Amino acid sequence: MSEATAGKQPLDDIMLAMDVVDTLRHQELLVERELKADDRDDRMKQRLREIYASQGIDVPDQVLEQGVAALREGRFVYEPPAAGLQAWLARLYVSRVRWGKPVLLVTGFILAVWLAYATLIRGPAERAAAALPGQLQSQYETLAALAAGPLATERAQSLLAEGESALQREDEEGVEKTLQRMATLQQDIELAYDLRIAAHPGERSGVWRIPDANLDARNYYIIVEAVGQYGNLYEVPVVNEEDGKIYRVRKWGLRVDEDLFEQVAADKRDDGIIQNNRFGIKKRGYLTPEYLMPTTGAAITRW
């Protein structure tokens, strides 16, 4: 036998030594008792011989000595790794079969929700917000080009300043509301109609009021309506002088003097038709009509 071969311990002896250590480990009371004795090594080996002899196993002294030495040195004993990040990651990796699929599903769901939010909500919202300054300026330029009268120009400039103020405050909702008001103003500026005295059957063509400030006086109003080219009625903004609020109405009363009021009343009483019913004309580019009959321009929207 070569020297190299002789230096190797047979596998059977190693396995037997491991079994010896295992036997000793399972006999904890025996080991503790024997280790306290002065001749513990010999007594441990003797006890092991008896244990294995009862099982019909012949264990060489060399193997017994190796087993006792291995027990002392802690060989063939599994010691769990020290607690730490690496150990935790290792245990996590080993148990991936148990938690991997649920975590993957939850992660996939969260990612899908985030992508949907970014694509369908956040992205369009950010693009819409970035477009607001350009929309505001474009809408104002449209109004400025349409406005022919000073009132229309003044309103357009006022709305532009209001929108720019909202932009500085990063008030997107405020800018949106201003754009809506600009769109409504554009419709009012573009609108063209005849201002006619209302004379429909069963409807009043004029009313009078006694003002609270002077109970001896009367305020006279002729009821008018905005009539389009094809006879359609338009809804237009009118300031009610009684409360100062703006209402969008199809009919309203314009204040006139008593003489005009009586003339219109007499015209209607004659045959139920008002022959001279054209009170004014509202041109494109303006916000207020050009009156063909004398009026203060003050109005009421309810009677």
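Read-outs: derived from the displayed coordinates by stated rules, not from any lab. Predicted model, so just to flag it, every value in this text is computed and none were measured. Ideal geometry is used to build each Cβ from the backbone, glycine not excepted, and the neighbour counts take in all protein chains shown.
Determine the sum of side-chain charges near residue 296: Lys and Arg each +1, Asp and Glu each -1, restricted to other residues whose C-beta is under 11 angstrom from that of residue 296. Residues near residue 296 contribute -1 overall. In this simple spin-label approximation, residue 210 and residue 130 carry label points 7 Å from Cα along the Cα→Cβ vector, and these lie 6.7 nm apart. Using a simple spin-label model with pseudo-atoms 7 Å out from Cα toward Cβ, residue 54 and residue 119 lie 7.4 nm apart. Amide H to amide H, with H built 1.01 Å from N, residue 148 comes under 5 Å of 286, counting only residues 5 or more places away or on other chains. Using a simple spin-label model with pseudo-atoms 7 Å out from Cα toward Cβ, residue 177 and residue 109 lie 4.0 nm apart.
In order along the range 279-293, phi translates into HN-Hα couplings of 8, x, 9, 10, 8, 5, x, 10, 9, 10, x, 9, 7, 9, 10 Hz, rounded to whole numbers, per the Karplus curve 6.51 cos²θ - 1.76 cosθ + 1.60 with θ = phi - 60° and x for Gly and Pro.
Evaluating 6.51 cos²θ - 1.76 cosθ + 1.60 at θ = phi - 60° for every residue in the range 240-247, the Karplus couplings come out as 7, 5, 7, 10, x, 8, 9, 10 Hz, glycine and proline recorded as x.
For the range 106-215, the convex hull spanned by the alpha carbon atoms encloses 269 Å³ per residue. Quick one: net charge of residue 92's neighbours, Cβ under 15 Å, K/R +1, D/E -1? Net charge in that neighbourhood comes out at +4.
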